[in-house]
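What follows is calculated from the coordinates using simple rules that are stated; it is not laboratory data. Note that the coordinates shown come from a computational prediction; the quantities given were computed from them, not determined experimentally. In this analysis, Cβ positions are derived from the backbone assuming ideal geometry, glycine residues included, and neighbour counts consider all displayed protein chains.
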Amino acid sequence: MTTPIIIDCDPGHDDAVALLLAVSSPAVELLAVTTCFGNCSVEDATRNAIQILTLAGATDIPVAAGAAGPLNGATALGNYVHGVSGLDGPPMPDPGFEPQSGDAVSLLSRTLRASAEPVTLVVTGPMTNVGRLLRDTPELTERIREVIFMGGSTERGNHTPTAEFNTYADPEALDIVLASGVPVRMVGLNLTHQALATQDVVDRMAAMTHEIGKVCAGWMGFFGSSYHRVWDFDAPPVHDPCTIAALIDPGSITWCPAFLAVELDGTWTRGTTIVDLHQRYPDQAPNAQIAMTLDAERYWSLVLDALESLGRQS
Ligand code: BDR
Ligand code: CA
């Protein structure tokens with residue numbers, strides 16, 4: 001069975017690997033890619049997305065640019081992790097095609113309406129585009145099978161001590177999605193910090209005899225040095241492809257149903273996810289599935305096999 005998906009992203013080194021994994025897998029059909037501010041400006045994210053799809057030979061996938069900033073408040077950017085371009089590191093091919101003339105919300109809405117079956121929205125950046133879509137066209141809720149997003153955490157944050165970057169960048173948009181009734185799955189830092197690109201993983205990418213393997217190894221080198229400088233990690237967590245792994249290889253991740261909310265007003269805690277794993281709010285029923293454990297060996301086999309086969313074809 002093939003799952004139709006749209007990826008809404010802010011590439012970004014780990015978003016880039018998520019896109020390559022999705023393009024490579026016959027288990028998902030990538031209908032469209034929409035972009036958002038986040039790791040860099042939305043202009044840079046859009047150019048990066050098109051360059052990544054060009055590298056993958058997937059020049060027929062429509063791409064549209066989305067939000068330049070959040071629904072409320074100041075715009076946070078992650079260039080301090082992903083570099084000036086948002087995808088610093090190895091040289092990339094020139095963009096092989098143009099973005100759509102309409103914006104991300106119109107491409108999302110057109111694609112949802114045109115699909116014969118409900119579509120899975122995979123969100124690997126701030127939730128702004130999907131928040132806008134559900135705020136302005138709530139009737140499209142039934143065209144969405146689920147929203148699976150990388151963001152939040154059951155534990156620590158990264159952009160602030162308690163908040164993960166994507167949920168910090170637009171908590172109001174996530175709040176709209178949580179209130180919409182669409183099924184939601186959260187792939188937070190508690191899960192993605194198990195997806196470390198160790199030296200062995202990077203060596204296996206570098207040993208591939210095609211451009212995709214070499215480029216991915218270069219990306220991991222840049223991303224790894226940021227993670228070392230900012231958070232003192234020995235290896236970078238490759239967050240975003242965990243969402244795609246959940247769709248392609250469901251057995252690689254375990255889940256727990258829980259009540260999920262996001263802090264909008266806290267003095268220090270804006271953007272922090274509240275995940276009630278131990279039912280401390282007895283009146284709040286579970287409204288999301290929370291990713292808990294990752295089989296890291298299985299995850300890296302999936303990602304590396306996908307990169308190898310994509311690199312050989314393109
Ligand atoms: C998230 O923020 C970005 O740095 C990554 O692309 C990922 O989506 C991790 O907090
Ligand atoms: Ca991202």
Practice item. Going by C-beta contacts inside 10 Å, put His278, His228, His82 in order with the fewest on the left. Key: His278, His228, His82
Practice item. Could you point to the residue in Pro286, Pro91, Tyr227 farthest towards the positive end of the chain's charge dipole, with +1 and -1 charges on the Cβ of Lys/Arg and Asp/Glu respectively? Key: Pro286
Revision key, fill the gap. Its Cα gyration tensor gives the chain an equivalent ellipsoid whose semi-axes in whole Å, largest first, are 27, 22, 19
Review point. Among His239, His13, which comes first, then next, by fewest other beta-carbon atoms within 10 Å?
Key: His239, His13
Review point. Given charges of +1 on the Cβ of Lys and Arg and -1 on the Cβ of Asp and Glu, with all other atoms neutral, how large is the dipole of the chain about its Cα centre, in debye to the nearest 20?
Key: 140 debye
Practice item. Go ahead and set up a Gaussian network model of the chain, Cα springs under 10 Å, then flag whichever of Arg204, Arg270, Arg280 fluctuates most. Key: Arg280
Review point. What is the local net charge at Thr198, summed over the other residues whose Cβ is closer than 14 Å to its Cβ (Lys, Arg +1; Asp, Glu -1)?
Key: -3
Check your understanding: What number, rounded to the nearest 500 deg cm²/dmol, is the helix-based mean residue ellipticity at 222 nm of the chain, given -39500 (n - 2.57) per DSSP H run of at least four residues and division by all its residues?
Key -> -11500 deg cm²/dmol
Check your understanding: When Lys and Arg each count +1 and Asp and Glu each count -1, what net charge do the other residues less than 10 Å away from Pro171, Cβ to Cβ, add up to?
Key -> -4
Study note, to complete from the structure: Exposure-ranked with fewest Cβ neighbours within 10 Å first, Asp283, Asp8, Asp249 stand as Asp283, Asp249, Asp8
Point to revise | Local electrostatic count at Tyr80 - Lys and Arg +1, Asp and Glu -1, tallied over other residues with Cβ under 12 Å | key: 0
Revision key, fill the gap. Using alpha carbon centers only, segment 246-295 is separated from segment 22-46 by a whole-angstrom value of 24 Å
